[in-house]
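Participant: The structure is given below, and queries will be raised subsequently.
The values are calculated or read from the model by the stated rules, or taken from the named source; none is laboratory data. The structure displayed is predicted, hence computed values, not measured ones. A quick note on method: Cβ atoms are made from the backbone with ideal geometry, for glycine too, and the neighbour counts reach across all protein chains shown.
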Amino acid sequence: MKGIVSTIERLAREGISEIRGFMRSLEATDITWDSLSADLRFFGKDLIESNGMALRFRSDIQNPVDAPGSLLFLNITRIYKEFLTNVVRHSKAGNVQVDLTVAPEKMTLVMQDDGIGLEQSVPGNGMAGMKKRAMEVNGRISLTTRNGACLNLEIPL
């Protein structure tokens, strides 16, 4: 019974987070790079730390030309959540490092764990979905799996 309640609690938190992110993406006038960074930090800390891992989140926002639009916000958020969910499910990591850099010419999001990496392909559509989302905003994504997994997302601004 304890396990069932724990699962329900986790799913409720994930559902609320999804709704919050979707609603935020609809309110494009409220979206700034700082608010995106805060949302990513909040979600990451909640997910990673509630699963017994540590999250280090750094952001460097350097006078970007424009605020992120709702499509950009939604795609960055979804890629981030997919990667962190995979870390929790598959990595056996103890630590996750996230670096968000926003410069006038591009946004870079680098996420790395210290887990087991991806020795075998993980079933599901996670990586394909992340690549599709990156392409929707003219970005590119790469994944390396040496000494854990490291996902690098670059989007021109």
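Participant: Specify which of the listed residues (ALA128, ALA103, ALA67, ALA93) is without any contact (Cβ under 8 Å) to a residue 12 or more places away in the chain and either at negative phi or loosely packed, with under 13 Cβ neighbours inside 10 Å (or both).
Facilitator: ALA128
Participant: Same structure, new question: Does SER37 meet the test of being surrounded by 15 or more Cβ atoms within 10 Å (Cβ to Cβ), at pLDDT 80 or above and either closer than 19 Å to ASP113 by Cβ or not aliphatic (A, V, I, L, M) (or both)?
Facilitator: When the stated conditions are applied, SER37 passes them.
Participant: A further question on this structure: Testing MET107 on (1) modelled with pLDDT of 95 or more; (2) within 14 Å of ILE155 (Cβ to Cβ); (3) in contact with a Phe, Trp or Tyr (Cβ under 7 Å, 6 or more places away or on another chain), one condition comes back false. Which one is that?
Facilitator: Only one criterion in (1) modelled with pLDDT of 95 or more; (2) within 14 Å of ILE155 (Cβ to Cβ); (3) in contact with a Phe, Trp or Tyr (Cβ under 7 Å, 6 or more places away or on another chain) is unmet by MET107, namely (3).
Participant: Kindly check whether there is at least one residue in region 80-97 that is at pLDDT 95 or above and of a type in the set (D, E, K, R).
Facilitator: There is no residue in region 80-97 that is at pLDDT 95 or above and of a type in the set (D, E, K, R).
Participant: Can you tell me which residue is modelled with the lowest pLDDT among those in region 53-79 that are in contact with a Gly (Cβ under 9 Å, 6 or more places away or on another chain) and farther than 15 Å from ASP34 by Cβ?
Facilitator: LEU74
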